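Here's the structure we're looking at; comments come further down.
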Amino acid sequence: MKFKAFLTENGVNLLEKRFLPALDKMGKICHLYLTRDHTMFLHNLLNGDGIQSVAQFRKEALFDDYRISSQNEDRIAFAIDISLLQRAVRSSVSICTEFGSGPTQNRLQIKLVKKLPPNCTQPMPFLTFETKGYKSAVIQDVPISKPFSRAQVIELQTALDMAQDLPQTLVQVPDLNQLQNFVDRLKHVGDLLNVSISKYGDLLVQISTTLITVGAEFQKLLVIGEQADAPAEDRNLSAQTRSARAILRGDAQSVQVSVKHFAKSLQCHLAKPDCAFYGIAPQGACLTVIFQFFIPGSRQTDKSISLHCRLPVLDPGSS
């Protein structure tokens, strides 16, 4: 089992300044899954607790001279502490900057190794960062779990395949800050958030308690997938009434999620996505958030990067 690659300048910027800060908000421990063509950071795919998140990169987006081999069809997976990984990348970058003209290509090597730590009798696995300065080299070891067995890799791949299922209707939320400001104000009102999404391009987010109902509606959003025209007779009705009627017609779905989970998913704005799509899985299985990234200076989707979250549903909702 071998893995060795060089982090490119673009890879360093993506991880250090964008994705690792966002993924750290999803949870302290994640699975790092390496294949011949992709590098993936996976949260909570093997247990039902909390938000599931999948960040996937084509190897060219992060690495140069990427080499991997294993008996599991060149697939390697292990658990790693995101904060320790972030610290290693950050300090390696500062060393590169100190000894060179910046974090240039082929200066920061990352590889999988086994070492014998002090006071231990068994070698332990590490993800090692080696930074070569002008006159010296600095090595940083990030401890990892024992790499997954063949059966565990298959289990992780199966969970990943299941997590890729798309909702039939997705609505685009171009301004995540507006949604985040609203949810921040709702945190102290209640713990449960009702989310309704219609084929008309409507997103209704509200919290209800015994005393108060507070909500926000986003209308005429871009729809991907199954869509429909909003009935003219519903135009002057309240958001709640319109949503309820759309659900009865089969033109909308509604689910209930944790306010904390919803707020946590919005922390993915740290990865600097260009927009986000919200959708509800068939039978209201989960709330899915897909973050879209554009190629810099264009409106074309950057297909080398993907990030999405699946929020567990607290109530089956209606479909």
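The values are calculated or read from the model by the stated rules, or taken from the named source; none is laboratory data. Fair warning: this is a prediction, and the values are worked out from it, not measured in the lab. For neighbour counting, all protein chains shown are included, and Cβ atoms are generated from backbone atoms with ideal geometry for every residue, glycine included. To get the accessible areas, we keep the full protein, side chains included, count just its heavy atoms, and leave off ligands, DNA and RNA. Shrake-Rupley method; radii C 1.70, N 1.55, O 1.52, S 1.80 Å.
A few points about this structure:
- Summed over the range 17-39, residues that are open to solvent by 10 Å² or more (accessible area, probe 1.4 Å) and within 15 Å of ALA61 (Cα to Cα) total 6.
- Residues of the range 293-308 that are open to solvent by 10 Å² or more (accessible area, probe 1.4 Å), assigned to a strand (DSSP E or B) and either aromatic (Phe, Trp, Tyr) or modelled with pLDDT of 95 or more (or both): PHE294, ILE305, SER306, HIS308.
- Cβ-Cβ under 8 Å pairs, at least 6 apart or on other chains, the range 140-153 side over 12 Å from LEU112 (Cα atoms) and charged (D, E, K, R), far side open to solvent by less than 20 Å² (accessible area, probe 1.4 Å) and modelled with pLDDT under 95: ARG150/ASN72
Yes/no per residue for (1) within 30 Å of VAL313 (Cβ to Cβ); (2) surrounded by 17 or more Cβ atoms within 10 Å (Cβ to Cβ); (3) of a type outside the set (Gly, Ala, Ser):
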{"site": "GLU9", "(1), (2), (3)": "no, yes, yes"}
{"site": "LEU42", "(1), (2), (3)": "yes, yes, yes"}
{"site": "GLN52", "(1), (2), (3)": "yes, yes, yes"}
{"site": "SER69", "(1), (2), (3)": "no, no, no"}
{"site": "ALA88", "(1), (2), (3)": "no, yes, no"}
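- Strands (runs of 3 or more DSSP E) (entirely within the range 112-208) containing at least 1 residues that are small (Gly, Ala, Ser) and within 23 Å of the chain's Cα centre (by Cα): 192-198
Yes/no matrix, rows are residues, columns are (1) under 23 Å from the mean Cα position of the chain (by Cα); (2) assigned to a helix (DSSP H, G or I); (3) closer than 30 Å to ARG18 by Cβ:
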position: ASN236; (1), (2), (3): no, no, no
position: GLN240; (1), (2), (3): no, yes, no
position: SER243; (1), (2), (3): no, yes, no
position: SER254; (1), (2), (3): yes, no, no
position: PHE262; (1), (2), (3): yes, yes, yes
position: GLN267; (1), (2), (3): yes, yes, yes
position: GLY279; (1), (2), (3): yes, no, yes
position: ARG310; (1), (2), (3): yes, no, yes
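- Taking the range 230-246 as the range and being in contact (Cβ under 8 Å) with a residue 24 or more places away in the chain and open to solvent by 30 Å² or more (accessible area, probe 1.4 Å) as the test, the residues that pass are ALA230, GLN240, ARG242.
- Residues that are surrounded by 13 or more Cβ atoms within 10 Å (Cβ to Cβ) and either part of a loop (DSSP other than H, G, I, E, B) or at pLDDT 95 or above (or both), drawn from the range 209-223: GLN219, LEU221, LEU222, VAL223
- Test result for SER92, among the polar types (S, T, N, Q), open to solvent by 40 Å² or more (accessible area, probe 1.4 Å) and either at pLDDT below 95 or in contact with a Pro (Cβ under 9 Å, 6 or more places away or on another chain) (or both): no
- Every residue from the range 264-313 that is over 15 Å from GLN52 (Cβ atoms) and out of contact with any strand residue (DSSP E or B) (no Cβ under 9 Å at 6 or more places or on another chain): LEU270, LYS272, PRO296, GLY297, SER298, ARG299
- Flag if ALA271 is modelled with pLDDT of 95 or more, crowded, with 16+ Cβ neighbours inside 10 Å and out of contact with any Cys (no Cβ under 9 Å at 6 or more places or on another chain): yes
- Listed by first and then second residue, the pairs with beta-carbon distance under 9 Å, at least 6 apart or on different chains, first residue in the range 166-184 and within 19 Å of SER258 (Cα to Cα), second polar (S, T, N, Q), are GLN180/GLN267.
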